[in-house]
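J.: Please find one structure pasted underneath; my questions will follow.
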Amino acid sequence: MRKTVFIASDHGGFALKGALVQALRNAGCQVEDLGPDGTGSCDYPAYAEKLCRRVLDAGEAGQNGETLGILVCGTGLGMSMAANRLPGIRAAVCTCEFMARMARAHNNANVLCLGERVLGQGLGLDIARVFLSTGFEGARHLRRISQFDALTPKP
């Protein structure tokens, strides 16, 4: 699996983030850990924005699945809400491998959101593996993604 993966968390997702960084590097991914560096209380919107801007800066690579992001907080919900505020980001909270597969295959999600307090490390790692190894199917799904991208107000 040769991917570039940006990863970030808040204090509630710090341990799972660490396990993901190690596993993804062992799987041959290029991983950039965007923080935090410890378990002290921090604000997840700042880390979500930092990661999403990096995914968006990847341009076409961020749209074709070569560069993806993973955000981890306590439930995955706060990170997904913050991430989805940025036009061009399609962040998906996934709690099982099926959701991860469909998020990529049908929705071309470019950011995976996980909840450390919801998932064990084993399931979190499995979900990330499926997310990163699944490609976008395109075709009819592209038309639908264009429709929800059109809902984003233009600056």
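J.: When only C-alpha pairs under 8 Å and at least 6 residues apart count, what is the relative contact order of the chain, in percent?
T.: Computed over the chain, the figure is 24 percent.
J.: Quick one: pull the percent of accessible area on segment 47-155 belonging to carbon and sulfur, 1.4 Å probe, ligands and nucleic acids left out.
T.: 55
J.: Considering only C-alpha atoms, what is the centroid distance from segment 1-60 to segment 86-103, in Å?
T.: So the separation of the two Cα centres works out to 15 Å.
J.: At 1.4 Å probe size, with every protein chain present, just tell me what the per residue accessible area of the chain comes to in Å².
T.: On the way: 7490 Å² over 155 residues.
I get 48 Å² per residue for the chain.
J.: Could I ask something else about it? Give me D for the chain in µm² s⁻¹, whole number, from Stokes-Einstein with Rh from the Kirkwood sum over alpha-carbon pairs, 25 °C and 0.890 mPa s.
T.: This corresponds to a translational diffusion coefficient of 163 µm²/s.
J.: Label-point separation (nm) for LYS50 and ARG85, each offset 7 Å from Cα along Cα-to-Cβ?
T.: A separation of 1.6 nm, rounded to one decimal place.
J.: Right, next: Of GLU66, GLU97, GLU137, which has the largest mean-square fluctuation in a 10 Å C-alpha GNM of the chain?
T.: Maximum fluctuation in the GNM of the chain, among the listed residues, is at GLU137.
The values are calculated or read from the model by the stated rules, or taken from the named source; none is laboratory data. Remember, it's a predicted structure, so these values are computed and weren't measured experimentally. As a convention, Cβ positions derive from the backbone with ideal geometry for all residues, glycine included, and neighbour counts pool all protein chains shown. When the accessible area is computed, the model is the full protein with side chains, heavy atoms only, and any ligands, DNA or RNA have been set aside. Shrake-Rupley method; radii C 1.70, N 1.55, O 1.52, S 1.80 Å.
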